[in-house]
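Below you will find the structure I want to go over with you.
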Amino acid sequence: MTRGQEYVASVFEKVKAQNGHEAEFLQAVEEVFDSLIPVFDKYPKYIDENILERLVEPERIVSFRVPWVDDKGQVQVNRGFRVQFSSAIGPYKGGLRFHPSVNQSIIKFLGFEQIFKNSLTGQPIGGGKGGSNFDPKGKSDLEVMRFTQSFMTELQKYIGPDVDVPAGDIGVGGREIGYMFGQYKRLNGYENGVLTGKGLTYGGSLARTEATGYGVVYFAEQMLKARGENFAGKTAIVSGSGNVAIYAIQKLHELGAKVVACSDSSGYIYDENGINVETLKQLKEVERARIVQYIEHHPNAHFTPSSSDNNIWTVKADLAFPCATQNELNDADARALVRNGVIAVAEGANMPSTLEAIDVFHAAGVSFGPAKAANAGGVAVSALEMAQNSGRTAWTFEEVDSKLYNIMKDIYENAAAAAEEFDAPGNLVVGANIAGFLKVAEAMSAQGVI
């Protein structure tokens, strides 16, 4: 056993002992740790400085109650979180997730992944994440406003344009960001750069809405180029039907692919003519409706309720984009995709594929784009929004989209180069982990033991 292997194993045992009940966090840590062994063998100074144990422990975790009043006049209480994981290369940056599944393990795994994702963008932003177990589904606008105002009343103590800049995630869109920005402004005065994902009338950036979906497609385009392929004539499936999925579908269609299926938590729709993006936007962005209503507009499409043996991953396609939530694609799903001839998988959601599923893809020679690289477009454009806020300027859609494309191309090239350097050619999981880690490790080393 090399010194690097011994070090990584010992730190992981300590992480398991201290966080044994946090399954999602441990999954994210294990996936990263396995990739970093050759880095510690090559750079033993990072062992001497105990970089790994320092990095895996958040700089700060805040947990707080969020009391609010529903439309019936009843007092409700939810739990809020903010994990500020690493500020080695810049202010904490990461989204807020409002979903019943949110707990400390979920927020920690997301924040840990965010460190490497943000590093890969080349922007000066550190890693953080936050959220609440509040469910905005089925709530009125007034209920969402009361909740978000209460949430921000506590969160505002810990954030700021040069300290921690949250954005949206699952359950947090333009409506929620607007209410939170208003409450922050009420309490602190106008600070334009305290949140990203803002509306265009008060400091938001063009192309921010599209950024994660467009970015995952731009990353997949680079993977296909490496195989001598392109999108023309390819079929694709995209799980989810939220912001990331909608704009991934839109960009795939623009580049010549045909997306034949997408989903929500109730099931999936299949449309052999290609998913109609305008219908999807109307249902999900305007009406906040369920995906089954798509067939009311397109009777030739089919809806299938989701089950363990009949989900979107059973649909035959050349390309797959898991864009819904963590661990939505397991090893059985991966084998189904491989049997159906998939050649590339790019993750639009955070950690949507299990470790076993990733192993299946690699063994079958499927090009695999891990989330921390492939879905970094959203946070990359959030950083561009921060830059525009700081400079009191605004770029055109085309300017931002061009910058996004180049950032995603650079992420792919840097991940591919790191994989090649550390004897894992073509393995973008290893490459993304190493490329993201090295920048953060160099910064931590330079700044001393803090």
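What follows draws every value from the coordinates through simple rules; no lab data is involved. What you see is a predicted model; the values in this text were computed from it and never measured. No Cβ is skipped: glycine too gets one built from the backbone with ideal geometry, and neighbour counts run over all protein chains shown.
Say whether the condition of being out of contact with any Cys (no Cβ under 7 Å at 6 or more places or on another chain), within 18 Å of GLY127 (Cα to Cα) and of a type in the set (Asp, Glu) is met by at least one residue in segment 11-27.
Scanning segment 11-27 turns up at least one residue that is out of contact with any Cys (no Cβ under 7 Å at 6 or more places or on another chain), within 18 Å of GLY127 (Cα to Cα) and of a type in the set (Asp, Glu).
Of the residues ALA334, ALA344, only one is within 19 Å of LYS251 (Cα to Cα) and touching a helix residue (DSSP H, G or I) at 6+ places or on another chain (Cβ under 6 Å); which?
ALA344
If I go through segment 103-145 residue by residue, how many of them are in contact with a His (Cβ under 8 Å, 6 or more places away or on another chain), closer than 22 Å to HIS21 by Cβ and surrounded by fewer than 24 Cβ atoms within 10 Å (Cβ to Cβ)?
Total meeting the criteria: 2.
Can you pull out every residue in segment 317-338 that is out of contact with any strand residue (DSSP E or B) (no Cβ under 6 Å at 6 or more places or on another chain) and under 21 Å from GLY426 (Cα atoms)?
ASP331, ALA334, ARG335, VAL338
Here is a further query. Criterion first (assigned to a helix (DSSP H, G or I) and either surrounded by 16 or more Cβ atoms within 10 Å (Cβ to Cβ) or more than 23 Å from the chain's Cα centre (by Cα) (or both)) does LYS284 satisfy it? Working first, answer last.
On the way: assigned to a helix (DSSP H, G or I): yes; either surrounded by 16 or more Cβ atoms within 10 Å (Cβ to Cβ) or more than 23 Å from the chain's Cα centre (by Cα) (or both): yes.
Yes.
Please find, within segment 435-450, the residue that is nearest to PHE40 (Cα to Cα) out of those that are part of a helix (DSSP H, G or I) and without any contact (Cβ under 8 Å) to a residue 60 or more places away in the chain.
GLU442
Only one residue in ALA248, ALA236 is in contact (Cβ under 8 Å) with a residue 40 or more places away in the chain and either part of a strand (DSSP E or B) or surrounded by fewer than 23 Cβ atoms within 10 Å (Cβ to Cβ) (or both). Which one?
Details: ALA248 fails: either part of a strand (DSSP E or B) or surrounded by fewer than 23 Cβ atoms within 10 Å (Cβ to Cβ) (or both).
Going through ALA248, ALA236 in turn, just one is in contact (Cβ under 8 Å) with a residue 40 or more places away in the chain and either part of a strand (DSSP E or B) or surrounded by fewer than 23 Cβ atoms within 10 Å (Cβ to Cβ) (or both): ALA236.
For segment 154-172, name all the residues that are surrounded by fewer than 17 Cβ atoms within 10 Å (Cβ to Cβ) and closer than 16 Å to PHE98 by Cα.
The one that is surrounded by fewer than 17 Cβ atoms within 10 Å (Cβ to Cβ) and closer than 16 Å to PHE98 by Cα: GLU154.
Just the residues that are part of a loop (DSSP other than H, G, I, E, B) and of a type in the set (Val, Ile, Thr), please, taken from segment 163-179.
VAL163, ILE170, VAL172
Could you check segment 119-137 and list, in sequence order, the residues that are of a type outside the set (A, V, I, L, M, F, W, C), in a loop (DSSP other than H, G, I, E, B) and within 28 Å of ALA387 (Cβ to Cβ)?
Passing the criteria: THR121, GLY122, GLN123, PRO124.
Right, another one. Among the residues of segment 16-30, which ones are surrounded by fewer than 20 Cβ atoms within 10 Å (Cβ to Cβ) and closer than 24 Å to THR325 by Cα? First the steps, then the outcome.
In the first step, residues of segment 16-30 are kept if they are surrounded by fewer than 20 Cβ atoms within 10 Å (Cβ to Cβ); the result is 16-21, 23, 26-27, 30.
The answer is LYS16, ASN19, GLY20, HIS21, ALA23, LEU26, GLN27, GLU30.
Kindly provide the set of residues from segment 71-96 that are of a type outside the set (S, T, N, Q) and part of a loop (DSSP other than H, G, I, E, B), ordered by number.
Once the filter is applied, which keeps residues that are of a type outside the set (S, T, N, Q) and part of a loop (DSSP other than H, G, I, E, B), segment 71-96 yields ASP71, LYS72, GLY73, ALA88, ILE89, GLY90, PRO91.
Here is a further query. Would you check which residues across segment 135-191 are among the acidic types (Asp, Glu) and over 27 Å from SER86 (Cα atoms) and list them?
Passing the criteria: ASP135, ASP141, GLU143.
List every residue pair whose Cβ atoms sit under 6 Å apart, with the two residues 6 or more apart in sequence or on different chains, where the first one lies in segment 341-353 and is more than 22 Å from VAL29 (Cβ to Cβ) and the second, anywhere, is surrounded by fewer than 24 Cβ atoms within 10 Å (Cβ to Cβ) and of a type in the set (Gly, Ala, Ser).
As it stands, the answer is ALA344/SER367, since those pairs meet every condition given.
Go through (1) more than 29 Å from SER101 (Cα to Cα); (2) not in a loop (DSSP other than H, G, I, E, B) for PRO299 and report which single condition fails.
(2)
Given the structure, is TYR202 surrounded by fewer than 24 Cβ atoms within 10 Å (Cβ to Cβ), within 27 Å of GLU399 (Cβ to Cβ) and among the aromatic types (Phe, Trp, Tyr)?
For TYR202, the condition - surrounded by fewer than 24 Cβ atoms within 10 Å (Cβ to Cβ), within 27 Å of GLU399 (Cβ to Cβ) and among the aromatic types (Phe, Trp, Tyr) - is met.
Scan segment 97-114 for residues that are in a helix (DSSP H, G or I) and either small (Gly, Ala, Ser) or more than 16 Å from the chain's Cα centre (by Cα) (or both) and jot them down.
Hits for segment 97-114 are GLN104, SER105, GLY111.
Among the residues of segment 397-425, which ones are under 18 Å from LYS251 (Cα atoms) and of a type in the set (Val, Ile, Thr)?
Correct list: VAL400, ILE407.
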